[in-house]
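Just below is one structure, and these are the notes that go with it.
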Amino acid sequence: MFKNHLLLLSALCLVAGGAHAALPVAIDGQPVTSLAPLVERTAPAVVNIRVSQTVAGRQFGDEAFRRFFGIPDMPRGTPRQAVSAGSGVIVDAENGYILTNHHVVNGADEIQITTFDGRTLDAVVVGSDERTDIAVISVEADDLVEMPIGDSESVRVGDFVLAIGNPFGLGHTVTSGIVSALGRMGISNGLEDFIQTDASINPGNSGGALVNMSGELVGINSAIISRSGGNVGIGFAVPTEIASSIMRQLLDFGEVRRGLLGVTIQTIDPEAAQALNIPVERGALITSITAGSAAEVAGLRVDDIIVEVNEEKIDGALQLSNAIGLKSSGEEVLIKYIRGDRTRTTRAELGQQIAQSDAGEDIHPGLAGARFASATSTGTRGIEVVEVVEGSPAAQRDIRAGDIITAANRIPVDSVADLAEVAGGSNIVFLYIIRGDRTLLRQIR
């Protein structure tokens, strides 16, 4: 959707154009006259990715064009082959592991990479995680060059960075800029803690590298905000702290094992704080706790207000959902909360979110292509949409991964069975959906 052309969000391939920040004066105490030595060390670890997949019918524009401008899939006619471009970063040369974005390789029939030295290699998907937009692919080759993974937690606003990738399929391109902001959320529908940068990024380079002045990978470029479709100096990268955690889980378990606190929450804003006569104006109010959950074991109670997790401020439900969802099961977190007029702390060992889900086609024909699971872990009662196949009936009806369905035909639903009971035998179903901080109504016919 163009949304009157006011805002175009592209979770697309990034990097190119003119830089916005001046050259740093010195690196490690040495005068800098050129970034060429740094580029020469890091660029060989960045690869161009070519993805081909079968789509059902004639589409308006190619895959990258439709993704960038938000044009929905409209399958019709005979299947055809679509090709899109992206980028990736070699982080383990010995095993051929490459970090990229989930949306770059999702649904791919064939993946090929082109290395900096011109070799074209077949790649396979090791694992992928839609909610963080991180994927791991692998190739079999010798003489690969890897990029060391840096500490994204040490990144500061104002740090100089390079962005390296494959803009518009042009091939290896490098731009420079600064880190503009940290901890950006509400950009997509997934779990987010983005690094914002003004290093020029454009469609064609999702999965590319955000590099610090020490030649270390600190982010995987993932999205841009633009009014025109080109770079306006607002780009977003997934921090390596998140990307590395997702990669380790995909390699170790073949899946992502997300942390689970076991609470239902709602956002506290100044108006709610005044009504409840509480001493804070921001936070996440616990409205229910799952029996035996990490929250219950840690001593949390209904009516507690969570204001920090691991010393990071929690302004509301979205921040808490991200803070917990980006951590692994079994990880211990320090929680600061308000009870009455006192501030307290507790430690909680996170449980594991249940990966089991149900297929949409078993619920209603209009939901075919979607999978659902309990939304307990998200902090909102309802049903979570865990996956939507591109071009499917569910996708065409604007059902997206990460959506929380709270009611159907005005009847609250807490489980997939509830939804199936309401939707069963009905030609039209109205779904009440929470998407980020918005509540939506979607008609399913």
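In the stretch 411-441, what residues are touching a Leu at 6+ places or on another chain (Cβ under 8 Å) and either surrounded by fewer than 12 Cβ atoms within 10 Å (Cβ to Cβ) or outside the structural domain of residue 398 (by TED's automatic domain parsing) (or both)?
437, 441, listed by residue number.
Show the residue pairs that are 6+ apart or on different chains and have beta-carbon atoms under 9 Å apart, the first residue being within the stretch 139-161 and on the phi < 0 side of the Ramachandran plot and assigned to a loop (DSSP other than H, G, I, E, B), the second being hydroxyl-bearing (Ser, Thr, Tyr) and surrounded by fewer than 18 Cβ atoms within 10 Å (Cβ to Cβ).
Listed pairs, sorted by first residue: 148/214; 150/214.
One line per residue, one yes/no per condition, for (1) touching a residue at least 24 places away in the same chain (Cβ under 8 Å); (2) touching a helix residue (DSSP H, G or I) at 6+ places or on another chain (Cβ under 7 Å); (3) among the β-branched types (Val, Ile, Thr); (4) under 20 Å from residue 435 (Cβ atoms):
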site: 253; (1), (2), (3), (4): no, no, no, no
site: 260; (1), (2), (3), (4): yes, yes, no, no
site: 270; (1), (2), (3), (4): no, no, no, no
site: 284; (1), (2), (3), (4): yes, yes, no, yes
site: 300; (1), (2), (3), (4): yes, no, no, no
site: 307; (1), (2), (3), (4): yes, no, yes, no
site: 315; (1), (2), (3), (4): yes, no, no, yes
site: 324; (1), (2), (3), (4): yes, no, yes, yes
site: 328; (1), (2), (3), (4): yes, yes, no, no
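So in the stretch 278-297, with the set limited to residues that are among the small types (Gly, Ala, Ser) and buried (at least 19 other Cβ atoms within 10 Å of the Cβ), which one is farthest from residue 261 (Cα to Cα)?
Looking at the filtered set, the residue picked out is 283.
Given the structure, is residue 361 among the acidic types (Asp, Glu) and part of a loop (DSSP other than H, G, I, E, B)?
Considered against the rule, which asks whether it is among the acidic types (Asp, Glu) and part of a loop (DSSP other than H, G, I, E, B), residue 361 comes out as no.
Can you tell me which residues in the stretch 107-138 are in a loop (DSSP other than H, G, I, E, B) and touching a Gly at 6+ places or on another chain (Cβ under 7 Å)?
130, 131, 132, 133, listed by residue number.
Given 202, 189, which one is more than 25 Å from residue 258 (Cβ to Cβ), touching a strand residue (DSSP E or B) at 6+ places or on another chain (Cβ under 9 Å), at pLDDT below 75 and in a loop (DSSP other than H, G, I, E, B)?
On the way: 189 fails: more than 25 Å from residue 258 (Cβ to Cβ).
Checking each option against the conditions leaves just 202.
Looking only at the stretch 326-368, which residues are at pLDDT below 80 and among the small types (Gly, Ala, Ser)?
355, 357, 359, 360
Taking into account only those residues within the stretch 369-396 that are surrounded by fewer than 23 Cβ atoms within 10 Å (Cβ to Cβ) and modelled with pLDDT of 85 or more, which is farthest from the chain's Cα centre (by Cα)?
So the residue we want is 393.
The values are calculated or read from the model by the stated rules, or taken from the named source; none is laboratory data. Quantities reported herein were computed from a predicted structural model and do not represent experimental measurements. Reconstructed Cβ throughout: ideal geometry from the backbone, glycine too, with neighbour counts over all protein chains shown.
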